[in-house]
Amino acid sequence: GAAKQLKQANPPIPLAKVDATAELKLAEDHGVRGYPTIRLFIDGRDQEYTGGRTEQSIVTWVLKKAGPPAVQLGEVGAAESFEKENRLAVVGLFDEATPRAAFEQAARQVEDVMFAYSTVPDVAARYEAATPSLKMFFPHDEQSAKFEGNLQSAEEIESFVKAYRHPIVAEFSGETAPELFADGRPIVFLFREKNEKGEAAEKALRKAALSFERRMLVAIAGSSEPMDQRLMDYVSVEPEELPTLRLVTNPMAAMLKYRLEGEVTEDSIVSLVRDFEAGRL
């Protein structure tokens, strides 16, 4: 998947597979400690990939490291191709007078979302947008969002992109785990079985999540997959508790976890989050 996409890039970027159990010296030279490990080499210098395990995450990271932080769209056709090739993307629409430094800084910081920009009036017209402005496209929920903040603040642009990077309610898996844990926002995890009680809890979570306005991540996990079981161990969930909910902060460092007491309902979830945000937990 990723190898095929990168081979079609311009210029092509080869993705080579190494059996580190056979190539022990090579693995040792590059500090390989676990598998799978991906390292990118540019001009003899290498860096390790630490993102998600999805095909698109890997491709986006490599393209952004190997090329410019944001792709220039010189005409409407280029914008259409860019959108088709990148279902998760940010498009900045500028006039010649507006500085793009903050936009490009944000593009460099966000490694798993493709950025593009244009100063061509026809491209802005295609997006029915005034200049300067910024739009994000994604394959979930509303499908697109318009940036309403300060275009000269890289921090605000980055926060906006990260907020819409994931669905309002994400599925927890081996592929999404690194991205969820690295996001930085608190995470609400619902652990449930696919039975009547589990489905009722999931329905309640999906309703409650709409009121959080993307201030935190929300994810659903099961209990049968090895990755689910690892997460249950990590945040101290016993199988007999399901359905149950945990609110977790700093999962990569000094983790704090809060358990929802009682039944998982829309009101109880909203109440837990409200107490957490008010510093009452």
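The values are calculated or read from the model by the stated rules, or taken from the named source; none is laboratory data. In this text, all values refer to a predicted model and were calculated from it rather than measured experimentally. Here the Cβ is made from the backbone with ideal geometry for all residues, glycine too, and neighbour counts use every protein chain on show. Keep in mind that these areas ignore ligands, DNA and RNA; they rest on the heavy atoms of the full protein, side chains included. Shrake-Rupley method; radii C 1.70, N 1.55, O 1.52, S 1.80 Å.
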Residues being open to solvent by 20 Å² or more (accessible area, probe 1.4 Å) and in contact (Cβ under 8 Å) with a residue 24 or more places away in the chain: count how many of those fall in segment 239-263.
-> 4
Cβ-Cβ under 9 Å pairs, at least 6 apart or on other chains, segment 1-28 side at negative phi and part of a loop (DSSP other than H, G, I, E, B), far side at pLDDT below 75 and open to solvent by 80 Å² or more (accessible area, probe 1.4 Å) | Ile13/Lys7; Pro14/Lys7; Leu15/Lys7
Based on what the data block shows, is Val76 surrounded by 12 or more Cβ atoms within 10 Å (Cβ to Cβ), free of Cβ contacts under 8 Å to residues at least 60 places away in the same chain and in contact with a Lys or Arg (Cβ under 7 Å, 6 or more places away or on another chain)?
-> yes
Selection over segment 235-281 where residues are within 26 Å of the chain's Cα centre (by Cα), under 12 Å from Pro186 (Cβ atoms) and part of a loop (DSSP other than H, G, I, E, B) yields a count of 3
Listed by first then second residue, the pairs whose first member lies in segment 186-199 and is more than 13 Å from Met232 (Cα to Cα) and open to solvent by 100 Å² or more (accessible area, probe 1.4 Å), whose partner is outside any strand (DSSP E or B) and of a type in the set (S, T, N, Q), with beta carbons under 6 Å and at least 6 positions apart or on separate chains, are none
Considering only segment 168-180, state which residues are out of contact with any helix residue (DSSP H, G or I) (no Cβ under 9 Å at 6 or more places or on another chain) and surrounded by fewer than 17 Cβ atoms within 10 Å (Cβ to Cβ).
-> Glu171
Every residue from segment 94-136 that is open to solvent by 30 Å² or more (accessible area, probe 1.4 Å) and among the hydrophobic types (A, V, I, L, M, F, W, C) = Ala97, Ala101, Val120, Ala125, Ala130
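Conditions (1) in a loop (DSSP other than H, G, I, E, B); (2) at positive phi; (3) out of contact with any helix residue (DSSP H, G or I) (no Cβ under 9 Å at 6 or more places or on another chain); (4) at pLDDT 95 or above, marked per residue:
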| residue | (1), (2), (3), (4) |
| --- | --- |
| Ala78 | no, no, no, yes |
| Lys84 | no, no, yes, no |
| Val91 | no, no, no, yes |
| Glu142 | yes, no, no, yes |
| Ala145 | no, no, no, yes |
Those residues of segment 158-174 that are small (Gly, Ala, Ser) and within 24 Å of Pro69 (Cα to Cα) come to a total of 2
